[in-house]
Every structure is written in C-alpha cells, then in structure tokens.
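Report on the following structure.
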2 protein chains.
Amino acid sequence: MGEGRNKEFLMQYGYFDDQNKEYVITRPDTPQSWSNYLGSTAYGAIITNNAGGYGFYQSGARGRFLRLRFNSIPTDQPGRYFYLRDDESGDYWSASWQPVGKPLSEYDSVCRHGTGYTVIESKYNGIRSQATYYVPLGQNFEYWRLNVTNESDRPRELSLFTYCEFSNNWETTQDGVNLQYSLFIVRGEYLDRLDNCPSGLLRITSQDNLPISTDPAQGDVGRCVWMGLTGAPLSGYDSDRAAFLGPYRGYHNPLAVERGGCSNSKAYGDNACGALHCQITLQPGESRQVLVLLGIGEARAVGAQTLQTFGSFERADLELEKLKAHWHSQLGRLVVETPDEELNHTLNVWGLYNCLITFNWSRATSLVYNGERDGLGFRDSVQDILGVLTAIPEAARQRLELLLTGQVQNGGAIPVIRPFEHRPGHEKAPAPEEFRSDDCLWFFDAVPAYVNETGDFDFYNKILPYADQGEDTVFGHLRRALEFNLERTGRNGLPCGLLADWNDCLKLGFHGESLFVAFQVYRGLKILAEIAQALNRPADKAWAERERAKLEERIRACAWDGEWFIWAIGEDGTVYGTKDFEEGQIYLNTQVWAVISGAATPEQAQTCMKAVRERLATPYGLMLCAPPFVKTSIEVMRAVVFNPGVKENAGIFNHT
Amino acid sequence: MGEGRNKEFLMQYGYFDDQNKEYVITRPDTPQSWSNYLGSTAYGAIITNNAGGYGFYQSGARGRFLRLRFNSIPTDQPGRYFYLRDDESGDYWSASWQPVGKPLSEYDSVCRHGTGYTVIESKYNGIRSQATYYVPLGQNFEYWRLNVTNESDRPRELSLFTYCEFSNNWETTQDGVNLQYSLFIVRGEYLDRLDNCPSGLLRITSQDNLPISTDPAQGDVGRCVWMGLTGAPLSGYDSDRAAFLGPYRGYHNPLAVERGGCSNSKAYGDNACGALHCQITLQPGESRQVLVLLGIGEARAVGAQTLQTFGSFERADLELEKLKAHWHSQLGRLVVETPDEELNHTLNVWGLYNCLITFNWSRATSLVYNGERDGLGFRDSVQDILGVLTAIPEAARQRLELLLTGQVQNGGAIPVIRPFEHRPGHEKAPAPEEFRSDDCLWFFDAVPAYVNETGDFDFYNKILPYADQGEDTVFGHLRRALEFNLERTGRNGLPCGLLADWNDCLKLGFHGESLFVAFQVYRGLKILAEIAQALNRPADKAWAERERAKLEERIRACAWDGEWFIWAIGEDGTVYGTKDFEEGQIYLNTQVWAVISGAATPEQAQTCMKAVRERLATPYGLMLCAPPFVKTSIEVMRAVVFNPGVKENAGIFNHT
C-alpha cells in the first residue's frame, strides 16, 4: 500500500489528535480491530476500538484472566462490554458499536485511544454514553467508567449491564485446548454482604492454575478475580456465561439483556462471566455514572479493600489524571519541531508511544499472539531499547542490564527472557544447536546508544553476570558477543547462520554462512575498537582491528554478486541472493547492512543501493522469498526506517 | 439426574428409531450439541444435530482440516452448512436450524443421526430441505447431499450456498495459537477448467504442515483440500472467509448470503472457507438436488478423479446403501431379545454403536478434546475391546495385538499409542516415574474375553514384540503385567499407585499404595493361574497362586475399614477412604473390585455393598472427592455398568 493511499485510507476512519495525545477513531467499523494497551507489565490489558480484548497478569500466555477468542468472527470478541437497554421498548445496544452492532445509520460512535486509557463515546436513540477504561498506575485492577446522558426530551428508564468473560485456566493455551479439564474448574458467586464493601462483589476463582508468581506477597492473584460496581444499586448479576447469554445466542444478543434482567447465576464449571445489572431513570438532559472495578486477588480481602479505597468517582478522576500526567511526561522529554507535521507527531507522540508500549510487552501480547510467545524475545527487546532511550533512559538501562544477563558465557543468548522469573547465573544455556547467530550483535546498537544518550560512559565497566555462569564487564559482554560468532565460522570463514540469523524463516543449515551476520560482526568490531580506544584498552582495540581486517578479506572473497551482495551461503554450498534465482535475487538486509557496517566499498554501496531502488518500485519485487511473507516485509521496514524497534504486533499504528 | 427424569428430558428432544437404527432429534435447540461420527479412522468427521463439527485425517489433533471453534457460543460452530435464500424476498435460512437460527415457531427441523451418516430435514416458508452427510466406505472424502422441495403453491427462485471453514494449520493447537504463522499460510482458489472435471473445484492448500503420514502413497493429503458441487451450475464461490462472511458478521448472517452472491474471492493468507453458490428455480411441488464432495488430496489429481467417479446421485445413493449395510451387519451379529425394550435397543443398537465409535476414535476426537489428546489412550483402548468383541472380533484382535505391543518389556505400558505411527520394538519406554499402575492389568479383561468369544485359544501362544525391545507370547505379556506391579510395592507390600492408578486425579504419591490396583492384581493372578492350567504350565500356575496368597494376606492386613475397603494408603501414610474423612469416605471402585476380584470375604462383600447402596441413594454422597467431578462420576458409571468401554466423550448418547 503506497503512502498516499495509506493516509487517505486511514483518514476514512480517524485522525491523530496531538493536542490530547489521542488517536480518534470516528467510525467503528474499522477493517481490523485497532487496539490500545492499558496497564503495566504486572497488570496488562488490551482494548480495541469496539471494547474487545483481554487482560493478563505478568504474562499474556500464562496469566490470562480475561478471555478473548482469537481469530474468531469478529476478531476481537469478547471484551469489556456495557450493554444498554431501553426498559420501555426493550430495545438494546452496546456502549461500543460491537457486539450488538446497531446499524451505523442510527448509531454514532467515536473511540479515543489515549496514553494508557481508551474512551468510547456513542449515541443511539437519544442516549449518549461514554465508556472510559484504564488501569491506575501501579495497581492490579482496572476501571470501566460509564457516563450515560439522556439527550431525548422525555424521561428514560434504562438498564445497564456489564459483560466480560473469565478464563477458566489462566494458562491460555490450556484454556482453549484442554476442555476435559478446563471446563470443570471455575466458580463464580456474588458476595453481597461484606463489611467494608456494601455494594457487594462478584468473585471468580479457578480451582487450579499454574502458579505464575513465586512471590508470596502475590498470594492467590493467580486464581482469583473480583468485580464490583458502584454508582447505582445492583439489580442482579450473572457469573455463569450460559445463563447470561442464553442458549444458541452470542455476544450480540444476550438473553439477559433481551429479557431485561439477569438470573443471579453462580458459575460452577463450564464458563464464567462478569455480568452486573443496574437500572437507572434519566430525566431529559440528566446524566448518571456508574463505575466498575475489576481486578485480581481474593475478593473478600483485596477486592473489598480496593473498592473501598478506589471506588469513588473522585478517586477515579484523580487516577486518570495521574495516569495521563505519567505518560505525557514520558512523551514530553524530547520534542521535535520540523516543517513536516507528520514527522513531528510520529517522533513526539505516536511512534514514541508505540515504542514505549513495545518496550513494555515485547511481542508477547496482542491480537496475534495467543499464548505462543511468553516473555521478552531476546533480540527484539535489545532492539526495542533504541526507541525509548530519550523517554525512559533509566528503565532502558534496567532492561539493557536484564538483557545483558540473558547472554550466556559463550557469548550467545537465551532466546526468551521472562522478567519476573529470570535468575542470572542460574539459567540453563541453550543447547549448541539452539543458538541463533545475531542475538547479541544487537548490543552494538543498544549499548552505545544508551551511553551516548545518557553520558553514562562508566556503564561499559559495570560488572554483570552471564545468564548461566560467570560475570564480566559490559565491555567484556560485548567482546564475548563477537567472539561467539568468530568462533563459529563456516568454510569461507564467515559467521555461521546457526539455528537462524535475523531471518528466522531462511534455513541455511547450521553451518551455512550469513552475510547479514558477517556485516553485523564487521560493524561490531569497529564499534568495539572505538570503545576500547576510549576505555584505554589497546589490546582489545588491536584484537578488534585485526579480526576486522581478516573478516573484511573473507567478505571480499565471496560476498559480491556483481551488482549486489549475496545473502548467504548455505551449508550445502547454495549461494542465496544472486542473479541465478528466479525469486529472491536481492535481499535488502544485506545491502543495507553492507552499507551501514562500512564493509561495502563506496562503489559497491552505490551499485547495490541502485539495484535496491530499482526493485523497490515494484511491489514484492525484492527478496520476498521465504514464507511467511509478512515477517520478511516487516524486516524490510525495520531495515529502512531509523528505529528497528517498531512494534510488529497488531497495534493501533500498524496501519500508519 | 435420576433415570426417570433423564428419560423424560430426552424425550422432549427426540427418540430412538430402532427400525432405521437412527436417533431422531425432533427439535434442534438441544441443551448441548449432539454429535455423530462419520467416516473411518483415516478420514473422520464429527457432525452435530445443527450441522456443526469438524473433519480430520488420521488424527483429530494433527490432521484437522475442517475447523471448529471450541467452547465458543454456540459450542459447535462452524460446521458443514447449507444456506438457502429466497431470491425474491432476500430472506435466508440454513438447512440446519443453526447457524441462522430462524424462530422455531416458523422453522421445523428433524435430525437423524444414523450409523455413519446424518440427515437433517427442515421446513421453512414453504421450502423443505434434506441435507445428508456421510463418508463413503474406505474413501478420503465426504458427501453433502441437499434435496430441496418447493411445497408452496408458487414458483420459487432460490440461492443455495455451502459453507465450511478450513484450518490453516492441520495441527489444531497451532491453528488456534500461533497466529503469527498460521494466518499467512493458506491459499484458496477455484479451478474452473479441468479436463476431467467440467464442474470445477475449489482448491485449498496450506503451505506448510507437519507431515502426518510418512507413507509416500499419501502424497500431499496433509496439505490439500478440495471441494466440488454438482447438480446445478455454479453461480460463484468464495474461498476467503472474510469475503464470504463480511466485516463484523458471523455465521448467522454472512454477507454473501444476505446479498445473494459470492465475490469469487481467493484466499491468500488470513482464513479460508468453502463457499459454493448456485441458483435454482423450483415449480410448485418440484424437487432439486445438489451434491457436494469435499476431500483431502491434490485437487487437480485426487479431487478431479474423485468427482468424476463419485460425483453422480446414483453413485452417492449406492455409497450410502453400502455404508448402511456395512454398519447394520456389524450391529446385527449379536441380537438380544428381552422383555425390556430399552435393554434390547441398548444392547443391539445404541450401546453397541457407541462402543464401535469409541473403538475407532478412543477419546481423541470430540467436542471436548481440542488437540490435547492424540492417539489411543492405552488403558481406555484396552477396555474398549470389550464392547465390540461380538460385532468385530477380527478388528478387536488386531487392536488387542497393537495394544499388547504398547506394553514395554518391564511390564508397564506407554500411555498413548498412535496407530499410524506405532513401531513396536522401537518405541521409547516411559521414564520410571511416568508409569501408571493399572495400564496392563486391563488385559485380564480384554484378552480372556477375546479368547472366550472366538475360541482362539492359541492366541495365548502368539508371540508379539514389546513396545521398546524384546518379545514374548501373549501369555508372557500377561505375566509381565503382573510382575510389573508385584515388583513395585510400598511399605505394606501392596502395589504402588505410581504416577496414577485408574483415578488420574487422586495423587497418592509415587510409592503410595492403591487397593484398587491390588484387587486388579489379585484378580489377574487368579485368571493367569486358570490360563496356565489350561496351557499346561504348572510352574506359572504355582507362581500365580503363591503370589496371590501372599497378596491376599497383605490385603487382609490393612484394607478393611470396618464397613468397607479403603481406597489407598498415600506415600505419606494417609489412609484414603475411611470414616475419618468428612468427604470421600467410601470409594465405589474399591468396593466393586474387591467383590469382582474375589478378594473380599463373603461377609465383607455383603457389608461393603450395603454401605455403597445406602450412599448411592444420595446424589454425590459417594467418593466424589477429587476434581474434576465429571471424571470421577464417569468412573462410577464405568464400575456399575457391565461395559467399561462406554464412551466418555460428548456423543449422542451421553445423555441417555
């Protein structure tokens, strides 16, 4: 999709509001669900422009307490719903367009994805509603706030219903696969007489879950969810999904909503939901609000206490202001003004917000990843550092240190780091055949960038453990990274691709040689020499320069195809990325990294970039040789934009 | 649920038609989806009374080519749908009540689950339809046949649409979890000019799948699906799910059906579907038929050839007759006539049909198992032999031999056998801590039952390999089974529970002792002695009698609680199944097996059965101590009915 068409396409559905730092979606029937991220890495939530999405504690894979049906129709259901019902006519709709999906000729909706919060406004049949969702800073619960206004000229009797669906098993793959077990472990009940919580609480428990935290202070968060509503007296509830939805119905037409009342069901096996019902009367022009709190932990203790402390509109207001101030201060640390407005708002607001979100969750939680990935992918997360250095240098340094302790003593890395469980010095090193070749080479981007941004030059001398055993200075970690590749070379003396280089999908064979990695190493040696010079380590400098000269010679000997650089030489001798192939003649990454690393001669640089430019004009004309295509094309984008940490998940700005 | 209430409940929804060997569901809004099984272990299909369900090749876990959304709302969608549309009014419905779900005041539906086929008849707005689904014997494809009759008094213009949804990845867990990968591998296209197939074919491929067969003759069945329609000219098609359903719609209101036409979409990533559209005109009283064939294998070769050979109504008729004859002959091999009609039809038709289905698929495919189980669970399958011996003695013997080769040389068993991949003598034995204690003890039910049914006494002398290494006669396998338990005893000299005894959920600790297993061993020793006597093996007989006497003494020493037998003694010394517990005082299984095995004295037998009877009057009053409850209650049923092989999955007779 070309840039012009892309912009035009986007503008059909919404716009960037830089003033409020919100993306405003002006019509709800977007081609895909557009998501926002709420909360922290401890208590996280995804919410779409139709209030779809899920919730999780620490891990989207193993801590999923609010359920989403992946790849269903529509793709973002269920979520955090408010249903509204006109109790005179029986007509009902939802505060987000979906799931009821009234005709858009009668239903107006605007969604504002802000920084850590989402607001969905709608108007239907004289009733305006505004639903606001957010997780207060540092808390393990979320607010759903609903404001309802009667804009018609007669009094209105309305029913309001909440709906969300709880996982039976917080381990999300098991929740969808092992029905023999998962359908018989959930319990739901309403606690209506609590000393410190007069409004009562829904309490949902799973009898068994993998413990997802070993911290005893976390108690039973891994088993319990609570949910309460304030602002109006409760008329009823359902904690059993089947009771609320009714037989042969869906989220678009729940029986309880159609009928105008819940059945006060207890969940006992099968599936649990969070349905709370209240009835309000609104005079013309009158507004009413209700506030829903939903969190993890034991209802009687954590839930009741939280409702007591946070269950007022004043407190909810305050928490939203704190949240906005927190995010806006991060976004305000570097402000760029150029004549190009789009560049400004990408650098100042939207790109940066995306980078911060990616920094938090890596690739582990989205509408695409359904429990398959868990934790921080190593190389992704090293890359992600770059995008957030100006905004959160201290957090970036902490993450960088965490990642440096994910390097094992031989210089390679463990592929995934789980921040809440990582134990440097005690992790199991991957088996020899499991190492990827590029993992630690990304440190040569992230570490100097951090030092240059902060001036914290002493960081190079900081001693950090390896993942498995031993320790070294950060400088030592960097040198080990290069040695790892230099010790693993193929028949042409170039670094082996090992299990994979950056392109996971291209199988070179373990001893196949990757030019992409060769260029990364070449560049790394150059950077190491510069750091060694500054640190006054002449022996290291000499070593790096010597190795670099040797590597340069080997690259010269076999990497140039005449008009561009090859991608790789397979274990079986196949040369990838040459004129001889019908598809996949030129791999963009090797051209770009040949230039970036300085390994290309000026003449080669000119020639290969020309070859790239010629082919970039043709969609898919370039290096799209290995399925899945999307992965490769994302890597093209990574290589050509300044920031390799752009989020590849389904985020709100995937479409920009 | 009591027996009387159960029957009354059932009769609200349908009845047994013994004449036609069909279960007739007279209203479609059953509380749960009621499934039938079509096809063979090679090409299998599940279809519900609302035409929901899925399809698979060899393995429901790894060969899933037709997709179902587990535990969704409703629980059986999608499936194999026909949509009908009145092209004058635009009104549309489905040939099964769901997924469109017209009001039942206007829509009549009768579903007949027969032996290997299902017929769904419906009538709506003057149009009668009859959809018949089956897999011809020995074939890798399925028929969907639709007969439409105009019962109104005016000519009618109708559109007919098919719909099913293809898995992107035949490995079903991956299909639902790994969306990064699975959303970009499917391709769908319509081949409209095939020499030997004038009507054209839909061709669906996945670029990558785990190979599920190493048999080269299977070719690319693991990647390709084809689908064709005959009987009316094609008006259009969709192979892209989103194109057919439309944005923010579901199976109940597909855009293509509402609009009255497909968009001839090609699937290229995302999700693929099988939508074929044709238009027919029916005069008052006139009927028309269309025939859909859907199968696996390369469309151009296998699909076109199959359509040419099988794509006529005459051939489809013939195949249905052959299929019925095949099943009915199996059901007719043992006919029981008693004054109790319900006992008759259970023994002669429905119980037996269920046992045959269970024999085929074990517990690996249902609406409950979503890829978690794959292959034949060892002990389940040994038990399942009992239910089918009279109907299919030869197949039962083959299965029994397969299972005997799942026993490892130490006498224990591997927990799951994959019939298409099992390599006796080359399987890896479980680790010591992975063995369950009861697995091979079920041979003492299955093997003598086979021999007694067939008179094949020489079977005891047949030499069969062990799973891991070595071989022995069947008699030798039986003796090894007992030695396995006798070599693994706890502090009271009783057999250890190991990883689990029959009750997976009760954790005794590995060295805890199970009375249930003790009674099985006691009984096994008695049976072995009898066989040894008949085989003239006095040493074996003496060994078995000696071991039995020793075991009897140990049982006497600690197993009797005063009014009943305990269940077990945990590794930590806890005695389970005593008066001292508030819940779980009496375990039914140990009482029943104490009596069956002859280990109970006549007095103990009387006393413990009395205790059981007293508690059976109270629902859940007995031994329901361990979640999931359902598992335990199924085991109660197993213990009290004569046939331990009753299918525990969601089948059509779960509710009887």
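Side notes on the structure shown:
- Of all residues in the range A:258-274, those that are out of contact with any Cys (no Cβ under 6 Å at 6 or more places or on another chain), open to solvent by less than 10 Å² (accessible area, probe 1.4 Å) and of a type in the set (Gly, Ala, Ser) total 3.
Residue by residue, here is whether (1) away from chain B (no Cβ under 14 Å); (2) in contact with a helix residue (DSSP H, G or I) (Cβ under 7 Å, 6 or more places away or on another chain); (3) more than 18 Å from residue A:118 (Cβ to Cβ) holds:
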{"position": "A:280", "(1), (2), (3)": "yes, no, yes"}
{"position": "A:289", "(1), (2), (3)": "yes, yes, no"}
{"position": "A:357", "(1), (2), (3)": "yes, no, no"}
{"position": "A:361", "(1), (2), (3)": "yes, no, no"}
{"position": "A:364", "(1), (2), (3)": "no, no, yes"}
{"position": "A:368", "(1), (2), (3)": "no, yes, yes"}
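- Top-ranked residue of the range A:374-389 - restricted to ones that are closer than 18 Å to residue A:39 by Cα and either in a helix (DSSP H, G or I) or touching a strand residue (DSSP E or B) at 6+ places or on another chain (Cβ under 6 Å) (or both), ranked as modelled with the lowest pLDDT: A:375
- Every residue from the range B:462-485 that is within 17 Å of residue B:510 (Cα to Cα) and out of contact with any helix residue (DSSP H, G or I) (no Cβ under 6 Å at 6 or more places or on another chain): B:484
- Yes/no for residue A:213 being away from chain B (no Cβ under 14 Å), in contact with a Gly (Cβ under 8 Å, 6 or more places away or on another chain), open to solvent by 30 Å² or more (accessible area, probe 1.4 Å) and modelled with pLDDT under 95: yes
- Of the residues screened, residue B:316 is not one that is free of Cβ contacts under 8 Å to residues at least 12 places away in the same chain and more than 28 Å from residue A:368 (Cβ to Cβ).
- Comparison of B:89, B:72 shows that the only residue that is surrounded by fewer than 20 Cβ atoms within 10 Å (Cβ to Cβ) and under 22 Å from the mean Cα position of the chain (by Cα) is B:72.
- All conditions in (1) within 14 Å of chain A (Cβ to nearest Cβ); (2) within 23 Å of residue B:520 (Cα to Cα); (3) among the hydroxyl-bearing types (Ser, Thr, Tyr) hold for residue B:381, with the sole exception of (1).
- The strands (runs of 3 or more DSSP E) located wholly in the range B:98-197 include none with 3 or more residues which are open to solvent by 30 Å² or more (accessible area, probe 1.4 Å), polar (S, T, N, Q) and within 14 Å of another protein chain (Cβ to nearest Cβ).
- Residue check for residue A:258: modelled with pLDDT of 95 or more, closer than 30 Å to residue B:74 by Cα and in a helix (DSSP H, G or I): yes
- Pick from the range A:390-426, criterion assigned to a loop (DSSP other than H, G, I, E, B) and among the aliphatic types (A, V, I, L, M), ranking: nearest to residue A:363 (Cα to Cα): A:414
- Residue check, residue B:371 outside any helix (DSSP H, G or I), open to solvent by less than 30 Å² (accessible area, probe 1.4 Å), within 23 Å of residue B:472 (Cβ to Cβ) and not acidic (Asp, Glu): no
- Of the residues making up the range B:393-410, just one is among the aliphatic types (A, V, I, L, M), surrounded by fewer than 18 Cβ atoms within 10 Å (Cβ to Cβ) and within 21 Å of residue B:347 (Cα to Cα), namely B:395.
- Residue within the range A:287-299 that is open to solvent by less than 20 Å² (accessible area, probe 1.4 Å) and of a type outside the set (A, V, I, L, M, F, W, C) present: yes
- The residues of the range A:198-207 that are open to solvent by 20 Å² or more (accessible area, probe 1.4 Å), away from chain B (no Cβ under 13 Å) and more than 25 Å from residue A:253 (Cα to Cα), listed by number, are A:198, A:199.
- Residue within the range A:287-301 that is assigned to a helix (DSSP H, G or I) and not hydrophobic (A, V, I, L, M, F, W, C) present: yes
- In the range B:231-247, residue nearest to the other protein chains (Cβ to nearest Cβ) [restricted to those that are open to solvent by 20 Å² or more (accessible area, probe 1.4 Å) and assigned to a strand (DSSP E or B)]: B:240
This table checks each residue for (1) within 14 Å of another protein chain (Cβ to nearest Cβ); (2) at pLDDT below 90; (3) crowded, with 21+ Cβ neighbours inside 10 Å; (4) more than 21 Å from residue A:39 (Cβ to Cβ).
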residue	(1), (2), (3), (4)
A:329	no, no, no, no
A:334	no, yes, no, yes
A:344	no, yes, no, yes
A:349	no, no, yes, no
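- Filtered by the rule that a residue be part of a loop (DSSP other than H, G, I, E, B) and over 27 Å from the mean Cα position of the chain (by Cα), the range A:505-521 gives A:507, A:508, A:509, A:510, A:511, A:512.
- Which numbered condition residue B:484 fails, given (1) free of Cβ contacts under 8 Å to residues at least 12 places away in the same chain; (2) in a helix (DSSP H, G or I); (3) more than 27 Å from residue B:391 (Cα to Cα): (1)
- Under the condition of being among the aromatic types (Phe, Trp, Tyr), more than 18 Å from residue A:608 (Cα to Cα) and either in contact with a strand residue (DSSP E or B) (Cβ under 6 Å, 6 or more places away or on another chain) or open to solvent by less than 10 Å² (accessible area, probe 1.4 Å) (or both), the residues counted in the range A:523-569 number 0.
The values are calculated or read from the model by the stated rules, or taken from the named source; none is laboratory data. All of these numbers come straight from a predicted model, not from anything done at the bench. For neighbour counting, all protein chains shown are included, and Cβ atoms are generated from backbone atoms with ideal geometry for every residue, glycine included. For the accessible areas, the whole protein counts, side chains as well, though only heavy atoms, and no ligand, DNA or RNA atoms are used. Shrake-Rupley method; radii C 1.70, N 1.55, O 1.52, S 1.80 Å.
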